Every structure is written in C-alpha cells, then in structure tokens.
Amino acid sequence: MPDPVLLPRLLPSAISHHVGDRTASRGLGAARAGRVEDLTWDAASMTVSADVTEQGGASHHAEVVLAEYEEDSVSRRFHAPGPGGLWRPRSSACDCSVGEACLHVAATLYRLNDLGTQAVRESPPAEWRSVLRPLLNSTPATDVGTTSLPRPLALRFDLEAGVSGTGASRHHREVATRAHVEAGAELWLGIRPLTRGRKGAWIKGDLSWRTFEFRLAGREYDAAHGEAMTRIFAAASVERSYSSGAIDHLWLNSITSPLLWQSLEHARAAGVEFLPGSGLAAIDLLADGETGLDLQVEEGTEELHIRPRLSIAGEQTSRGRLLGASGVLDVDPAGGDLLAARIAPLDSAVPRALRSLLQRREPLVIPAQDRESFLEVAYPQLRTLTAVTSLDGSVELPAARRPSLHLTAAYASGDRLSLRWSWHYFDPDRRLPMDQRQGAHRDLAHEDEVIASTMALWPLDPSDSPELLSGTDTARFTEHVLDDLAAMDHVEVEVTGTRHAYRELDGDPRVRVTQQASPGKNDWFDLGFEITIEGRQIPFPSLFVALAQGRSKLLLQDRTYFSLEHPAFDALRELIREGEALAEWEPEQQQISRFQVDMWDDLQEIAEETVASEEWNRTALSLRTLEAAPTPPLPRSLQAELRPYQLEGYSWLSFLFRHQLGGVLADDMGLGKTVQTLALIAHAREHSPESPPFLVVAPASVLPVWRREAERFTPGLEVRVLDRTAASRGTDLPAQLLGADVVVTSYSVLRIDEEEFAAASFQGIVLDEAQFVKNRRSRTHRAAKGVRADFRLAITGTPMENSLDDLWAIFDLVAPGLLGTALGFRKRYTLPVESGDHPGRMELLRRRVRPFMLRRTKELVAAELPEKHEEVLTVTLSPEHRAVYDSVLQRERKKVLGLIDTDLDRSRFIVFRSLTLLRMLALDPALVDAQEYADVPSSKLEALFDRLEEVIGDGHRVLLFSQFTSCLDRVAAELERRGVRYSHLDGSTRDRDAAVTGFREGDAPVFLISLKAGGFGLTLTEADYVFLLDPWWNPAAENQAVDRAHRIGQERQVMVYRMIAEDTIEEKVLALQQRKAELFDALTDGGEAFRSAVTAEDLRELLS
C-alpha cells in the first residue's frame, strides 16, 4: 500500500449517499470497533479493499472503486481535498449476501478515512508530495495485453468548392480541384476529428464533434488531445449553436471568432496531427496572416481598381482568400487534382462590412469620374478598417484629416448664448463627445493639443454639458473670441440664432454729481449721478445695480458694454455699498444727510464735476472751516476760567449750535464736560433769551450735580429740576417750562412722561451719561428721539461700551442719518469690524464721525493731573475657598456648555446667572449662602483688610467699589468691628447728596460705593486710593468709577487696585475687558479692533 498520508479522503455525505444513512451509521460503528483488517489501496485501479469481521465472527471481503472529484466540482469548492485528494465511491462489491453498498463497504470506507487522518496527524507530509501526488501515483503500464492505452486524436482537413450559389450548403459543393481554383470557385475548408484504429490507421470510428462537447467526454482518448478538441468545438460554438445529432465537420469559413485559431495552435502544440483530407495533398498552419486593400489606376481607362491584398508569413499570395473572419487560406497545385493548403490567423477579425470586398476574386472598379469622390468619401472609412496601399504608386493617397474641435454657438433672446463642444472625426465621419473615455480610435494627444491652444483664447470646460453665457459674457465672447476661434486650425464653428453686433466702450468714464434739498426733509439732500463714456450717457439705475451686485461689466440696451473695473467705478462702488447700508440708497433714488460731509468729500474726489445746493454750502460744508472758525466770546454770566481744551470744546459746541448740527462730547471722565456744556447753554440763552429752554436728561443720581454745577458756574441761569413725573408733581410740563433757561430731568421721568416732552419744544437737548440710551429698542431711546429740539448733544465718556451698535444708537439721537439705518450700520461696520475681516472699516467710521464727536483724554489735555497708578492684586484662594469654588465650577460648567451648544440666545439669562454665581463665589462664598459657607473664609476680603489697614494707617482715604451690595454690607460690618468710620452709597441710599457730602466734608477714611450707583456723576478727589473688589464685564464702567477720584481737582497720585481671585472666572473677565477696551481704542485712537460682544466662544473661555 502507498504512503498512508496520501490515502484518499471521502466525505461522510458521499459514503451515506452510496450505502444509505442507516447502513453508513452501522459501518462507522464497525470501523471504530476495529473490525476492519488488511485494508489495501491500489492507486492504479483506484480500488480500496479490506476484510470486515461481523460481531458473530463471520468475515467478508469488500472492494470499492473510487473516483476523484474534478478541480471545478462543487464539493471541491467547500471542502479541502487533503494530501490524498477528495474522492467519492463509484461502485462497490462484497461477498456477503447483499453484494454491494453494504455494511462492509461502509466500514471499509470509514476505516480508509481514519487511517489517512491518523497518518496526517502523526506525520504531516511535505508539500511537494501533496502537489505531485497525481504524478507519483500514476505508473506506466507494462503489460500491453492487459492495460488499455489512451487513443491519440488527429484533425483531418477537407477542402471543398462551391459549384453553384454561395456554397454554404454541402449539396452545392464538391471536392476542390485545381480547376476550381483556377476558375475562382468559392473554397470551403472543414475539419473533423479522427483516432487510431486497431490496425494503426486513422479512422473516424464513432467520433463526432459531439464527443468533445463537454470537458469530461472522450475519456478513453489522450487527455491532452481530448482537451484540445474540446477547446476547438467550444470556440466554434461561440457564435452559433449546432443542431442535435452528430457533427462531422466544422467549416472554418463560417467561424469568425479568433478563438478558433488559438485553439488550432493549442491542438498542434498538444500533439494533435493535422492530416490532409479530401482535395488536399498537404495542410500547413503558419503564422502572421495579413489582409489589406491595394489601389491601382489602370492605364488607358484611368479607372481605379481595388483588389484584396493577402499575405501569409510575410509573403503576398495571389491565390489567398479570407477564411472566415479571422484567417487566411492559400492553395497551390500539388500534382494531379490535389492541392496544398496553407492557413494562418489574422491579428484581429475582419469587420463584417469589409469581408465581401476581401473575398472578391475580381477587382472592384471605380470609374475615373468617381475617383476623387471615392478618395474623399470612402477612402477615409476604408483606412480605419484595414491597411490601404498603392503598391505601384499610381494612386496618391490623401493624408488623414485630423479631428476638429467643433463648437456650436446657439444665440437666443435676452443676449443669451449656449456653447456646446464636441469632436468631429473624419475617418469615418463621426461626432464624439468631449469625454475622452467614450468612443474608440481617438487621437487623444491631438485632442489635448487643440484644447490647450483653444484655452488660450477661451477657458473652455472640456465637458459635454453646454456652457451658458448671458449679458456681457455673451458680448465679450462674440466680439473678441468667436471669430478668432473660427480662424484656428482644427476648430470648427457653427452659429445658430441671431448674432448681434456688440461693441465695447473702453474710454474713461466721466462722473458728474448734483445735489438738491429733499422736499419735506430738512436734513436730507437728493443726489443725481450723470455718467458718460465716449459721449454715451449711462443709465445710472442700471449702473447702480451692477456695481451693487459686484459685476465686472455692464451691457446696455444698444448692445454696447463696458468694464466696471475702472478706478472711478471702484470708488463709486464702495460709496454705493455704504449708501445702501447707511442711507438706504436705491437704484432710482440716492440721498445724503447733511451730517455726511465726509461722504460728500469722497464723491467730490471721484467726480470730475460736483454741484452742491446752496443749503448744503451754508450748513454742512461749514464744518470744513471748523478749525479756522473764531471762538465766540464767553458768556458774561459764566463764572469759570476755562482751560484751553475746555475753551476749544466750547468753541466746537458753539459752532454745532450755530449751524444746528448735533454732536457727541466724549471727553475723558473728569475733564469738565458739564462746565463746557453749561458755557454753551449760557451762550445760547444770552443770544436768544426768548427761545424755549434747554432740556438736560441725566441719570437720577446726577440731577443734583447739574443743579450744583449750574449754581456754581452759571448762577444767572434759571434751572428747574424735574425729578418726579407730572403726576407726582401735580403740575404739567408747560407750567414748568415757563421762565426756565434749563430743565433738568431724569431718563425715567422722560420715559414715563414721553408724550408731554414730545409735545413741547426746546432750544436744545443734552443727553448726559448718554450710554443710558444705547439700546435703540428701549422706550427711553424712543422718548429721547421724540423730543423736538434745534440742537442735540450727547455727553458721555464712553460712547461705546459693548459694541459699535452703542455708537449708532447715540448718533441716531443727535445726528440722525449720519450712520444710516441700524441694520445697514451693523452690516457695514459692526460685523466686519468685530470679525476682523475688514480692518479698514474702522478707519472709515472714524472719518465719518470725526466732525461730530470730540474726545480728549486726560493724558493729552491735563498733563498737570497727578499720575494714576493701576495695579492688579492677584489673590490666591485658601484651600477651603478653592474647594467650594471648584465644586460649583464643575457643575455650572457642564450646565452652561450644554446650553451654549443648543440655543445660547434663549438660554442667555440662565447662562449669566451661572456666571454671576461663580463671580460671587470667587469674591466671598458667604454671598451665595451665608449659612452653608459660614465657616469658609473669604480669601479676597482677608487680603483687602490686610492692605486697607496699611493704607488707612498712612492717612490715605479710600473709595471701595463692588458690584454686589451684599459684599459692601459684609465689608461695612467688618469696618464697624474694627472701629473704622466709613460712608456708604448704593442703590438703596435715600439721600445721595448727604452721603457724598458726608465723605467729602468729613474725615471718614473709607467710602463704600456700588459700581452702578456711584460709578458716574460724582467728584471725589478727596480720595487717592481706589479698590475694585470684583471686575465687571465693561471696562468703561470701571474706568468711570476710578475717575471719581482721578479728575480735575486731584492733587495727589491716585492708586488703583483691581483685586482678582487667581485661577477663577475673574481672570477671564479681566481678559474680556481688555478686548472691549481695544475696540474702543480703535474707534477713538486708531488701535486694533477685536470682538466686543460676549459670544459663545467668550463664554467657553470664561469657563475654561
């Protein structure tokens, strides 16, 4: 027995299929019980045999013939064959009463499996033994008498000639002879399989091509020969199906597949003999068959003859003919009537349209008069199908016409143009898409070259979608591109629709701007724009729309067009954008406010001619002479010596008043804005005492300041303070105005008595601490806007606290129209500046507001003022304080960040409540819950009193500010415990004047002030130390608080301490303050601008 490792392996399912499930189960039991003995495996006969002993002691001999699964069988796909291969029972025999497929057969097969499995497990075979097993198990037969050798196969070639018709039917064919060849008869070459007979001769026997219809057919024949015959029949069956019954011949004339010729080559290589049959003395299969056409002009007739040109193995043959569609047949006489045939395959199949021409035995004649037409129309087509020559040189073959890029330009109404590109090939005449992946036999290199040269004129998109042009694009393409494309080599242009004559105007534009007062609008002037190019008047509404939309060209009704990239249009485009945003310009109407002097200057720069109205020259343009205007005499009733900068402010205010222009006095805190305003009011009352009084609106806490300042500097003015509403006073507003020079009221009274104030008239309105009306949507802003006054002034040291929108709201009250609409201003300035995308917008805004806003800082105009020293005191939280803060921080951070990521605007109140909670914890945990955190000391208050004790001990006086009145209360309690006297001012203080006077005239060293109650309107130069216990979002509010002490009248250096809890939200607030301060600097001093509003990103940073 051979190596046990190479024993066959059988599938249990195959055993069950052969003997049945029940018998297989019993056989498995017998095999596993060790009752199978003397098992042998004969690989040559593929037989396994063994003796099987029954339980009763009887022994039976079983034999099983096996068959190995083929490589492509289904079982081989799902089961590994193992070293010995995968087998199945084919037949069986046993000497028991059953005789076959019995228990003993099953036991034998299971034992065979067990032996093989055991051998592989104990001694895995080398890979080469498994791979070469089929060779190692095959042994050559030595006994010729007992072993049947496989029979060889051969191919017999028979040549027949058609005697009538086409010869497709064998009833019309006979054995080919020399005479048939000379007569030009149609020849048919057929092949049939033969095998060796018992006497050694080649015989047909019972062979048919049907024998080789399937791979496993004809197993008694040589395997390689049988496979070759199968491949030949399969190649012949690719294009046609053969009817049932025996198939003796395969006729090569009717087989067009090149696979047949590959199969013939394979058969010869496999050893299949090629035998000459009927009509043939010899048959030879050669290589390199070629076909073509040859053109020749006949002398005398000038006719053009077209002949097939065929060759085999590089030699041209005159008798050659096409064999099927993929081969060539050549025959020569070989003695008697027999012929010698040579056949050869072609590189590729001959196209169907060319076959009849190549099979002709006589030339195809083209009359002389049709030669040119043939060469122009048919020759390019033939050349794409086969090689065309003129061996004798009688025909000059035209060069191949290279493909052209075809453009279809379709004009439509409305100056629309559709460009569609394709390729026009001429051999044969065909259209191909731009997509180079479509279509065969394309000259891609040529296409790329033509596209590259075309793109120098027009950036075409090499796709099959149409390119749609309109307006100026149509005009430019028509005037400058279309004709140049048509003149290019390898480019065709086809125009459909009406092509209009377009002309580009390339002269410089001439701009003229006129102006006239708007009827019924005292502060507005209508603008008129006249634009001409090369003498043509350009309709300004069309130009306006084109510039506003950012177009680069404009097409007019008469189909002239021009570029909008001219420098004159650049400046006009920018002004139109600003006019749209600020003054709501429309294509049919443009206006300018008398406050927008700087915009009129810009218009004059771009225009060759401007015509201003008399009213404009009388009022708005007088601002240009502001610096040269003489300072009016100071009013006689003014009892104050104005500093130089205050005198300059008085002159500026007087100028605005004289021309009824509004403005914003934005001097730094403590520079005397009130006295400058009182000087103006006194000046106005002296020149027009019969006019209605001035109205001063200020926060309620500042009303006493105006009374005192007026009594001090302008005692001649009759000042009425309306600190209560009309209902509370019991008198109406007109009664209060009688005989008054100045009426001072609060913003809350103005809001409540809005209708009464709107019904009255005033000589001027002054909005003190104008940041109180920065919300344009508030009732207070609406009430202030409704007051009728010839002159309007806003006073504020912080015209912008949070956003540039604050600035717009204030200017909307004093110089309406200067900054346009709120939405336009936000689009034009606020968003671009805050995003940092347009840094130049801030400079433009400064130019626009410069004539109407006056701001001087203490550093510039009050050099004699003592220095202000500011310092940040960083306080480290104690462990107890830190633990409380961190635990709450984690909780609030999770909540707030979740709200930020969903809907910040709707959750803003909750978010800021969480931030306020964290600020209070950083200051003093007891502010949040006095009972729960009673044992947690405030690290900041401890640091405060350490510093405060030293400052008071040296004789200094202190202003102490906090946002939280509860914190001031705790400081007050500690001061009382320590025996330190103090003054206290917050929102609950009834007598504000008494608290302020008590500190100024007394000797209490500490003044506790809430930031909102005492951050403005106070002069507290008696103090020279300022403590800010907790930072506020708005740096301007803190600066105002500090300037209660650092202002005119202060003679000592002012020390400012900002107390910041380390690694808390207070450090983040300080950073946010810095960004807001930089935005304000950018507006007033030309610094860099950053975002100012508290955004979602700011909140994330605060909680980081």
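Residue count for the stretch 973-993 under the criterion of being more than 23 Å from T1021 (Cβ to Cβ) and either part of a helix (DSSP H, G or I) or among the aliphatic types (A, V, I, L, M) (or both): the result is 5.
Looking across the stretch 785-803, the residues that are part of a loop (DSSP other than H, G, I, E, B) and either farther than 19 Å from F757 by Cα or not assigned by TED's automatic domain parsing to the domain that holds I752 (or both) come down to T796, G797, T798, P799, M800, E801, N802, S803.
Just to be sure, is L959 in a helix (DSSP H, G or I), of a type outside the set (S, T, N, Q), surrounded by 20 or more Cβ atoms within 10 Å (Cβ to Cβ) and in the same structural domain as V1054 (by TED's automatic domain parsing)? No: the conditions fail for L959. Among the residues of the stretch 1021-1037, those identified as part of a loop (DSSP other than H, G, I, E, B), in contact with a Leu (Cβ under 7 Å, 6 or more places away or on another chain) and modelled with pLDDT under 80 are W1032, W1033. With respect to R268, is the statement that it is without any contact (Cβ under 8 Å) to a residue 12 or more places away in the chain and surrounded by fewer than 19 Cβ atoms within 10 Å (Cβ to Cβ) true? When the stated conditions are applied, R268 does not pass them. Taking the numbered list (1) touching a residue at least 12 places away in the same chain (Cβ under 8 Å); (2) in the same structural domain as L918 (by TED's automatic domain parsing); (3) in a helix (DSSP H, G or I); (4) surrounded by fewer than 19 Cβ atoms within 10 Å (Cβ to Cβ) in turn, Y885 passes all entries but (4). Here the condition is being modelled with pLDDT of 90 or more and under 20 Å from S45 (Cβ atoms); of T139, T108, it holds for T108 alone. Scanning the stretch 374-419 for residues that are more than 30 Å from H500 (Cβ to Cβ), at pLDDT 85 or above and either part of a loop (DSSP other than H, G, I, E, B) or polar (S, T, N, Q) (or both) yields T386, T389, S390, L391, D392, G393, S394, V395, E396, L397, R402, P403.
A residue that is of a type outside the set (K, R) and in contact with a helix residue (DSSP H, G or I) (Cβ under 6 Å, 6 or more places away or on another chain) occurs nowhere in the stretch 471-480. Here Q639 meets the list (1) surrounded by 17 or more Cβ atoms within 10 Å (Cβ to Cβ); (2) in contact with a Phe, Trp or Tyr (Cβ under 9 Å, 6 or more places away or on another chain); (3) not small (G, A, S) almost entirely, failing just condition (1). Return yes or no: is R782 assigned by TED's automatic domain parsing to the domain that holds A726, surrounded by fewer than 17 Cβ atoms within 10 Å (Cβ to Cβ) and in contact (Cβ under 8 Å) with a residue 24 or more places away in the chain? Yes. Are any of the residues in the stretch 446-462 small (G, A, S), surrounded by 12 or more Cβ atoms within 10 Å (Cβ to Cβ) and part of a helix (DSSP H, G or I)? Checked against the condition, which is being small (G, A, S), surrounded by 12 or more Cβ atoms within 10 Å (Cβ to Cβ) and part of a helix (DSSP H, G or I), the stretch 446-462 yields at least one hit. Cβ-Cβ contacts under 9 Å between residues 6 or more apart (or on different chains), taken from a first residue in the stretch 222-243 that is outside the structural domain of S263 (by TED's automatic domain parsing) and touching a residue at least 40 places away in the same chain (Cβ under 8 Å) to a second residue that is surrounded by fewer than 16 Cβ atoms within 10 Å (Cβ to Cβ) and of a type in the set (G, A, S), are absent. Look at W585 and say whether it is modelled with pLDDT under 80 and either among the hydroxyl-bearing types (S, T, Y) or under 39 Å from the mean Cα position of the chain (by Cα) (or both). In short, yes. Evaluate the following for G218: is it surrounded by 20 or more Cβ atoms within 10 Å (Cβ to Cβ), at pLDDT below 90, of a type outside the set (F, W, Y) and in contact with a Ser or Thr (Cβ under 7 Å, 6 or more places away or on another chain)? Answer is yes for this residue.
Beta carbons closer than 8 Å, at least 6 apart along the sequence or on distinct chains, pair a first residue in the stretch 13-29 that is farther than 12 Å from S92 by Cβ and without any contact (Cβ under 8 Å) to a residue 60 or more places away in the chain with a second that is hydrophobic (A, V, I, L, M, F, W, C) and surrounded by 21 or more Cβ atoms within 10 Å (Cβ to Cβ) for S16/A24. Only a single item in (1) in contact with an Asp or Glu (Cβ under 9 Å, 6 or more places away or on another chain); (2) of a type in the set (D, E, K, R); (3) modelled with pLDDT under 90; (4) not assigned by TED's automatic domain parsing to the domain that holds A349 is not met by R430, and it is number (1).
The sole residue among L252, L310 that is assigned by TED's automatic domain parsing to the domain that holds Y221, crowded, with 19+ Cβ neighbours inside 10 Å, touching a Gly at 6+ places or on another chain (Cβ under 7 Å) and under 16 Å from L358 (Cβ atoms) is L252. Confirm whether S939 is buried (at least 20 other Cβ atoms within 10 Å of the Cβ), of a type in the set (S, T, Y) and at pLDDT 85 or above. Criteria met by S939. Only one of the listed residues (L680, L722, L661) is more than 30 Å from E615 (Cα to Cα) and either crowded, with 23+ Cβ neighbours inside 10 Å or touching a residue at least 40 places away in the same chain (Cβ under 8 Å) (or both). That residue is L722.
Condition check ((1) of a type in the set (S, T, Y); (2) part of a helix (DSSP H, G or I); (3) assigned by TED's automatic domain parsing to the domain that holds P699; (4) at pLDDT below 85) across all residues:
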| site | (1), (2), (3), (4) |
| --- | --- |
| D805 | no, yes, yes, no |
| W808 | no, yes, yes, no |
| F811 | no, yes, yes, no |
| P816 | no, no, yes, no |
| G824 | no, yes, yes, yes |
| D837 | no, no, yes, yes |
| R841 | no, yes, yes, yes |
| R847 | no, yes, yes, yes |
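Does the stretch 521-538 contain any residue that is within 20 Å of R476 (Cβ to Cβ), in a loop (DSSP other than H, G, I, E, B) and modelled with pLDDT under 85? Checked against the condition, which is being within 20 Å of R476 (Cβ to Cβ), in a loop (DSSP other than H, G, I, E, B) and modelled with pLDDT under 85, the stretch 521-538 yields no hits at all. Residue-level analysis places A341 among those that are within 20 Å of V175 (Cα to Cα), out of contact with any Gly (no Cβ under 8 Å at 6 or more places or on another chain), among the aliphatic types (A, V, I, L, M) and not in a loop (DSSP other than H, G, I, E, B). When the residues of the stretch 463-483 are filtered to those that are among the small types (G, A, S) and on the phi < 0 side of the Ramachandran plot, the one that is surrounded by the fewest Cβ atoms within 10 Å (Cβ to Cβ) is S465.
The values are calculated or read from the model by the stated rules, or taken from the named source; none is laboratory data. Source: prediction; values computed, not measured. Neighbour counts run over all protein chains shown; Cβ positions are idealised from the backbone, glycine included.
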